[in-house]
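The values are calculated or read from the model by the stated rules, or taken from the named source; none is laboratory data. Everything quoted here is computed from the prediction, not taken from an experiment. With ideal geometry, Cβ positions are generated from the backbone for all residues, glycine too; neighbour counts draw on all protein chains shown.
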Amino acid sequence: VDASLAPYTTEHGEVKGVVIVLHDITAIRRLEKIRSDFVANVSHELKTPITSIKGFAETLLDGAIDDPDISKQFLEIIYNESDRFHRLINDILDLSQIEQKKLPLRIERVDIFKLIEDIVQSLQEKMNRKELVYERPIDDTPIYMEGDCDRLRQIIINLIDNAISYTAEKGRITVEVEELSDQVVLKVRDNGIGIPHADRDRIFERFYRVDKGRSRNSGGTGLGLAIVKHLVESHHGTIRIESEEGQGSVFILQFPKAQPHN
Ligand code: ADP
């Protein structure tokens, strides 16, 4: 609480009492804390890849460059860390634009099956590397919904990309789409490591990971699900998780078929 005091006087200057104004600043302090935590997290996240890039580049310059095997290995690390750095910057910029509502949606009619098929094709190589199987829906009658195609793509890519990262080799990933009278339900399912109950709400927070090491090794930025949640909500949709540790996870998204016009 923030308090300020002022004497209350009569017209002759005689003090009759005190006026105390109390301001509840809990919400302001909380926002300030969220903001400063975010800045601290961003700085830390950016520092990690840069420290690694600098370290490996220095070791190469100090002589490791003469060994072709070591050079290749170090250059691969430098490349992967720069790649993660690049994705981190893009995710931070995206998130800040989304949160400031500076990303207007371009609403159009989207063939959701076709979109999923495009995305799966773009991620096929990554799936092949882990020998993951993608199961196509048996009935692929087109299902349409209104939304911003690029943003819906970003939502689904993030979820399938996570399914790939958090599922062991030879695992299975499916995307199911169901059409209800006024809603489209999308389920991204994997039979991977699952998400502990206690972490289920928190994984939508910026930079929250169940296992930091695992996320970093798979090139994660820790921002994917925060972006997904914002984008789902900007489409007036909802997202929830069903998961069994060690068995797998399902991310369930519900969108209105038509976006409200205003
Ligand atoms: P990251 O870049 O770390 O993957 P995300 O915001 O996309 O960041 O996800 C946050 C965390 O949620 C991940 O670090 C991981 O611990 C957990 N997670 C996300 N998707 C899955 C999944 N399909 N299976 C298991 N854990 C997941």
> Hey, S52 hits all of (1) exposed (fewer than 15 other Cβ atoms within 10 Å of the Cβ); (2) under 22 Å from R214 (Cα atoms); (3) small (G, A, S) but one; which does it fall short on?
Replying inline: (1)
> Residues G194, G171, G220: which one is surrounded by 15 or more Cβ atoms within 10 Å (Cβ to Cβ) and at positive phi?
Replying inline: G194
> D211 is checked against (1) within 14 Å of the chain's Cα centre (by Cα); (2) surrounded by fewer than 20 Cβ atoms within 10 Å (Cβ to Cβ); (3) near the ligand (Cβ under 8 Å from one of its atoms); (4) modelled with pLDDT under 95 and fails just one. What number does that condition carry?
Replying inline: (1)
>> Regarding the stretch 84-94, can at least one residue be identified that is more than 24 Å from E205 (Cβ to Cβ) and free of Cβ contacts under 8 Å to residues at least 40 places away in the same chain?
In response: no
> For the subset of the stretch 214-238 comprising residues that are more than 8 Å from the ligand (Cβ to nearest atom) and hydrophobic (A, V, I, L, M, F, W, C), which member is nearest to F38 (Cα to Cα)?
Replying inline: L231
>> Taking the criterion of being within 19 Å of the chain's Cα centre (by Cα), crowded, with 17+ Cβ neighbours inside 10 Å, within 12 Å of the ligand (Cβ to nearest atom) and among the basic types (K, R), would at least one residue in the stretch 181-191 satisfy it?
In response: yes
>> Just to be sure I understand, how many residues within the stretch 194-230 are over 24 Å from E81 (Cβ atoms), in a loop (DSSP other than H, G, I, E, B) and in contact (Cβ under 8 Å) with a residue 40 or more places away in the chain?
In response: 4
>> Cβ contacts < 7 Å: first residue touching a residue at least 24 places away in the same chain (Cβ under 8 Å), restricted to the stretch 3-19; second residue among the hydrophobic types (A, V, I, L, M, F, W, C), any location; separation 6+ or different chain. Result?
In response: none
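Residues are listed down the side, and each one gets a yes or a no for (1) within 9 Å of the ligand (Cβ to nearest atom); (2) in contact with a Pro (Cβ under 8 Å, 6 or more places away or on another chain); (3) in contact (Cβ under 8 Å) with a residue 40 or more places away in the chain:
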position: R109; (1), (2), (3): no, no, no
position: L115; (1), (2), (3): no, no, yes
position: S165; (1), (2), (3): yes, no, yes
position: A168; (1), (2), (3): no, no, no
